[in-house]
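Undergrad: Next up is a structure, given as structure tokens.
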Amino acid sequence: MVKVLFVCLGNICRSPMAEYVFKDLVNKEGFSNNFYIDSAGTSNEEEGNGIHYGTRKKLNEKNIEFDNHVARKLKKEDYNKFDFIIGMEDSNIRNINKIIGEDRENKVYRLLDFSDNPRDIADPWYTGNFDITYDDIYEGCIDFLEYLRKNYDLI
Ligand code: 4NP
């Protein structure tokens with residue numbers, strides 16, 4: 001079982017988008033039994049709130065299922081519960097490290113570091129552009145799954 005936690009700042013836009021895009025990919029590949037997938041934010045600003053309208057709209061547009069996600073803040077204990085803690089941008093990685101302490105087991109990654117073109121995923125909360133966010137997240141999730149396929153016995 002591979003346990004993956006996607007992390008952004010608020011846990012209402014990017015990390016839930018990554019959670020449901022990745023769940024969808026894994027389901028379509030028939031790997032859902034091999035994964036536990038969740039998301040969290042480094043801030044408590046949106047704690048208790050649902051997914052942002054822009055993310056819901058994009059997931060609906062792409063026919064990707066989602067459920068009653070409730071935003072939560074990343075906890076120190078999450079470090080032991082997950083194998084991969086995947087941030088969206090450098091500032092997330094810094095905030096993740098502040099919460100979990102030292103990444104002794106090399107579990108913390110930036111999503112697009114799995115791609116051929118490593119980069120940050122901009123925050124649509126500020127940019128208002130959920131199309132670019134989706135394209136970046138989709139690319140990252142495809143490349144992350146490919147990485148896992150090469151490095152883990154998924155079937
Ligand atoms: P997210 O976007 O990190 O992609 O969920 C944000 C959502 C809310 C806030 C910041 C970023 N906020 O400051 O409330």
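The values are calculated or read from the model by the stated rules, or taken from the named source; none is laboratory data. Everything quoted here is computed from the prediction, not taken from an experiment. Note: ideal-geometry Cβ built from the backbone for every residue, glycine included; neighbour counts use all protein chains shown. These accessible areas exclude ligands, DNA and RNA; they are computed on the full protein's heavy atoms, side chains included. Shrake-Rupley method; radii C 1.70, N 1.55, O 1.52, S 1.80 Å.
Undergrad: Report, by residue number, each residue of the stretch 130-155 that is open to solvent by 50 Å² or more (accessible area, probe 1.4 Å) and within 16 Å of the ligand (Cβ to nearest atom). Talk me through it step by step, then tell me what you get.
TA: From the stretch 130-155, those open to solvent by 50 Å² or more (accessible area, probe 1.4 Å) are 131-132, 135, 138-139, 142, 146-147, 149-153, 155; that's our starting set.
The answer is ASP131, ILE132, ASP135, TYR138.
Undergrad: Could you grab the pairs with beta carbons closer than 8 Å, sequence gap of 6+ or different chains, first residue in the stretch 128-155 and of a type in the set (Asp, Glu), second one open to solvent by 90 Å² or more (accessible area, probe 1.4 Å)?
TA: From residues that are of a type in the set (Asp, Glu), the pairs are ASP143/ASP116.
Undergrad: Cβ-Cβ below 7 Å, separation at least six or inter-chain, first residue in the stretch 25-45 and modelled with pLDDT under 95, second aliphatic (A, V, I, L, M): which pairs?
TA: Within 7 Å, the pairs are PHE31/LEU154; SER32/VAL26; ASN34/MET1; ASN34/VAL2; ASN34/LEU154.
Undergrad: While we're looking at this one, here's another question. Residues that are assigned to a strand (DSSP E or B) and either over 19 Å from ILE99 (Cα atoms) or not basic (Lys, Arg) (or both): does the stretch 40-53 have at least one? Write out each step before concluding.
TA: Pass one, the stretch 40-53, residues assigned to a strand (DSSP E or B): 40-41.
From the residues that got through so far, the ones that are either over 19 Å from ILE99 (Cα atoms) or not basic (Lys, Arg) (or both) too are 40-41.
Within the stretch 40-53, one or more residues are assigned to a strand (DSSP E or B) and either over 19 Å from ILE99 (Cα atoms) or not basic (Lys, Arg) (or both).
Undergrad: Here's something else I'd like to know. Suppose we keep only residues that are among the polar types (S, T, N, Q) and in contact with a Ser or Thr (Cβ under 9 Å, 6 or more places away or on another chain) within the stretch 32-43. Which one would you say is farthest from TYR138 (Cα to Cα)?
TA: Narrowing the stretch 32-43 to residues among the polar types (S, T, N, Q): 32-34, 39, 42-43.
Now restrict to residues that are in contact with a Ser or Thr (Cβ under 9 Å, 6 or more places away or on another chain): 39, 42.
Details: SER39: 16, THR42: 22 Å.
Per the criteria, the residue is THR42.
Undergrad: Restricting attention to the stretch 95-127, and to residues there that are within 14 Å of the ligand (Cβ to nearest atom) and free of Cβ contacts under 8 Å to residues at least 24 places away in the same chain, which single residue is most open to solvent (accessible area, probe 1.4 Å)?
TA: Only one residue fits best here, namely TYR126.
Undergrad: Of everything in the stretch 10-21 that's touching a strand residue (DSSP E or B) at 6+ places or on another chain (Cβ under 6 Å) and either over 16 Å from GLU89 (Cβ atoms) or in a loop (DSSP other than H, G, I, E, B) (or both), which residue is farthest from the ligand (Cβ to nearest atom)? Show your work before the answer.
TA: We begin by selecting, within the stretch 10-21, every residue touching a strand residue (DSSP E or B) at 6+ places or on another chain (Cβ under 6 Å); these are 10-11, 14-16, 18-19.
Keeping just the survivors that are either over 16 Å from GLU89 (Cβ atoms) or in a loop (DSSP other than H, G, I, E, B) (or both) gives 10-11, 19.
Values: GLY10: 3, ASN11: 5, GLU19: 11 Å.
For the stretch 10-21, the residue satisfying everything is GLU19.
Undergrad: Another one. Checking ASP136 against (1) part of a loop (DSSP other than H, G, I, E, B); (2) within 16 Å of VAL21 (Cα to Cα): exactly one of these is not met. Which one?
TA: The failed condition is (1).
Undergrad: Suppose we filter GLU19, GLU61, GLU29, GLU46 for residues that are within 23 Å of ILE142 (Cβ to Cβ) and crowded, with 18+ Cβ neighbours inside 10 Å; which single one remains? If you could, list the steps in order and put the result at the bottom.
TA: On the way: GLU61 fails: crowded, with 18+ Cβ neighbours inside 10 Å; GLU29 fails: crowded, with 18+ Cβ neighbours inside 10 Å; GLU46 fails: within 23 Å of ILE142 (Cβ to Cβ).
So the residue among GLU19, GLU61, GLU29, GLU46 that is within 23 Å of ILE142 (Cβ to Cβ) and crowded, with 18+ Cβ neighbours inside 10 Å is GLU19.
Undergrad: Output the residues belonging to the stretch 41-62 that are farther than 15 Å from ILE132 by Cα, hydroxyl-bearing (Ser, Thr, Tyr) and near the ligand (Cβ under 10 Å from one of its atoms). Give the derivation first.
TA: Residues of the stretch 41-62 farther than 15 Å from ILE132 by Cα: 41-53, 60.
Next, only the ones that are hydroxyl-bearing (Ser, Thr, Tyr) stay: 42-43, 53.
Of everything in the stretch 41-62, those that are farther than 15 Å from ILE132 by Cα, hydroxyl-bearing (Ser, Thr, Tyr) and near the ligand (Cβ under 10 Å from one of its atoms) turn out to be THR42, SER43.
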